[in-house]
Each structure stands twice: as structure tokens, then as C-alpha cells.
1. When only C-alpha pairs under 8 Å and at least 6 residues apart count, what is the relative contact order of the stretch 12-291, in percent?
2. Sequence gap at least 6, Cα distance under 8 Å: using those rules, report the relative contact order of the stretch 207-303 to the nearest whole percent.
3. What are the ³J(HN,Hα) values, in whole Hz, obtained from phi via the Karplus relation 6.51 cos²θ - 1.76 cosθ + 1.60 with θ = phi - 60°, for each residue of the stretch 142-158 in sequence order, with x given for Gly and Pro?
4. When the convex hull of the Cα atoms of the stretch 12-291 is projected onto a plane and the area is averaged over all directions, what value comes out in nm²?
5. What list of ³J(HN,Hα) couplings, whole Hz, do you get for the stretch 107-113 from phi and the Karplus terms 6.51, -1.76, 1.60, once you set θ to phi - 60° and write x for glycine and proline?
6. Can you list residues whose amide H is under 5 Å from Asp109's amide H, if they're 5+ apart or on another chain and H is modeled 1.01 Å from N?
7. Non-local amide H neighbours of Ala43 (under 5 Å, H modeled in plane, Pro and chain starts lacking H): which ones?
8. To test your reading of the geometry: what angle, between 0 and 90 degrees and rounded to tens, separates the Cα axis of helix 253-263 from the longest principal axis of the chain?
Amino acid sequence: MTVDTSARPRDFDTYWDALDEDLARYPAAPELEPLPLRSTDFATVYALRLTSVGPYRIFGYYSVPIGEGPFPGLLLTPRYGSVNHVPDYHDRRRYAVLQMMHRGQRLADQPFAAAYPGLLTHGVDDPTTYVYRGIVADCLRAAEFLLSREEVDKNRVGIIGDDLALITAARRPHFIAVQAAGLTFYRLMEARQRTDAYPIEELNDHLRAYPDRQDAVARTLALFDPLHHVSQIATALAAPLLSVGDPGSLSGPEWLQPLMSALGEGVERYTLTHEGGTDQDLLDAWMANKLGVEPRSRFWSSV
């Protein structure tokens with residue numbers, strides 16, 4: 001019997017509530033170490049270490065503007081890949097901004113170093129062993145840290161990323177603006193039949209090797225599909241923005257329509273031009289407007 005991944009899993013709330021309970025058992029135990037080589041005359045950058053489920057120590061770059069706060073906050077969830085970088089120069093001017101590295105990524109790769117390709121299917125046959133259970137916990141812990149800081153204006157905090165941003169915003173409903181692009185987990189069991197691009201092709205590789213595990217994998221992935229999470233974003237009245245690609249693609253308007261419907265009437269969409277500077281500046285301006293700061297074009301002077 002084939003699993004219907006479009007339906008919200010019956011154990012959805014049980015699974016995610018158990019993760020919250022697991023995470024709550026571990027004190028975050030934050031450590032902040034100033035990084036003079038990364039800091040500037042307008043912002044101090046810190047190496048941040050936090051404890052997540054496991055227990056596992058994760059890493060982040062946390063930058064705070066110099067001056068009188070509180071400042072609007074911005075959480076950047078980790079991308080799919082081994083390395084995440086110090087937040088953008090212009091973001092460091094305006095926000096208390098946190099770029100997290102989840103378990104397995106560079107600077108958070110002890111004792112577990114993620115394989116690329118390979119991370120997407122690590123432990124995927126069982127939702128209790130799936131690596132993304134811990135990765136989501138890492139993002140939730142990062143959100144908790146940022147939202148707890150005295151220098152952060154709790155009424156002006158945004159989040160940017162992919163599926164992880166949507167799931168984090170849904171489970172920690174204190175963000176007023178959510179910007180998402182480049183989704184992987186959305187309708188993933190369907191998406192794998194329409195592309196051979198990585199990282200999605202990792203799933204095809206896994207199921208070619210273990211065809212008898214398809215239903216088990218589908219059950220796991222359904223728990224991580226942002227489609228089943230985002231109604232909580234709509235309920236929290238956060239402003240969501242989805243980046244939309246070309247018609248017919250896995251980021252196109254037709255493909256994303258169920259997700260946009262689930263996000264409710266408040267969802268906005270930005271149609272990508274595929275002109276890097278243009279897209280970056282317009283997305284920057286959207287978030288800046290939501291958080292009450294000035295937009296900063298990447299083509300502007302740094303002064």
C-alpha cells in the first residue's frame with residue numbers, strides 16, 4: 001500500500017511534540033566568543049555554541065550592531081551544503097543576525113561530519129533515526145537563543161531560509177516575517193519523479209538501492225513536508241514570502257500553489273527574475289520593510 005504523502009500524518013503532532021520535549025531536556029548552555037577578525041566598527045561578530053538534542057554542540061555566527069539597542073533580529077537557517085558563511089555585511093549593519101550551522105556542517109562537524117551527497121537520506125527509513133530530526137531541533141534551538149536576547153527587539157524578528165525556515169517559524173511562532181526559497185522537502189516523493197538533480201536525486205539513489213523501503217521513507221518525509229507545518233505560520237499572523245520560479249519547474253507557481261494556499265491569505269510571492277542583484281535587492285527590501293530598517297542594495301556604498 002502506497003503512503004499518501006499529501007495527507008497530514010496521523011502521528012504528526014505526537015512526533016513534533018516529542019521533539020520539543022526532548023529539546024527542552026537539554027539546557028542551551030550558550031557560549032559567545034568575540035571574533036575580532038570578523039568584527040567591524042559597526043558590528044561585533046561572535047562564535048556561538050549551543051547544545052541541541054543528543055546532546056550535540058552546534059555552532060553559529062552571531063553579529064550584533066554596535067550602538068543602543070534593541071535591534072531587529074534575523075535568523076538565517078542553514079543551507080544544504082557543508083559550509084555556511086558569516087552574515088552579509090549589510091545585514092550586520094541593521095540586524096542582530098544569526099547564521100546557524102546544524103550538526104554535521106563545518107564548525108559543527110564533531111563528532112558527526114555530514115556527507116554531501118548523502119545527508120538527505122541519512123537515517124531516512126525511520127523518523128526516529130532521521131538526521132533531520134536533529135537538524136530541525138538545531139534550528140529551533142537557534143530560534144530560542146535569538147528570541148531570548150536582550151539586545152533583540154522581540155517584536156521585530158524575521159527568518160530566511162528554505163524548508164527549515166518554514167518549519168522553524170511554524171514551531172516557534174514569534175517571527176513576524178518569513179522568507180523562503182529553494183524548498184527540498186516540499187512534496188519530495190513527487191518531486192523525485194520529476195528531476196535527477198541533487199540533492200533530490202539522493203532520494204532516488206537510496207530507493208534504487210532499497211526499493212522495499214519506499215513506504216517507510218515516504219512516512220518519514222511526510223513529517224518534514226512544510227505543507228503540513230505552515231498552517232501554524234498563518235495562525236500566528238506572520239508575513240510569509242515565497243520565492244517563485246519558472247512555470248513548470250519545481251519552484252513554479254503551479255507546483256507551489258498547495259503550499260501558498262496552506263499559508264493563507266497573507267502569503268506573498270516574489271517571482272524570481274534570475275538576475276542575482278535584482279532579486280537580492282528586492283528580497284532585502286521586503287524583509288527590511290517588515291523589520292523597520294532601511295533597505296541596503298548590494299550595489300550601494302558601504303557607508
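Each value in this text was obtained by applying a stated rule to the coordinates, not by laboratory testing. Keep in mind it's a predicted model, so treat the numbers as computed, not measured. For neighbour counting, all protein chains shown are included, and Cβ atoms are generated from backbone atoms with ideal geometry for every residue, glycine included.
1. Values: 520 pairs, mean separation 40.4, N = 280.
Relative contact order of the stretch 12-291: 14 percent.
2. Numbers: 82 pairs, mean separation 19.3, N = 97.
The value is 20 percent.
3. Working through the residues one at a time gives 4, 4, 4, 4, 4, 6, 9, 7, 5, 7, 9, 6, 5, 8, 9, 10, x Hz.
4. Numbers: hull surface 57.2 nm².
Mean orientational projected area (the stretch 12-291, Cα hull): 14.3 nm².
5. 6, 10, 9, 10, x, 10, 10
6. So Asp109 has HN proximity to Gly104.
7. Ile66
8. It works out to around 70 degrees.
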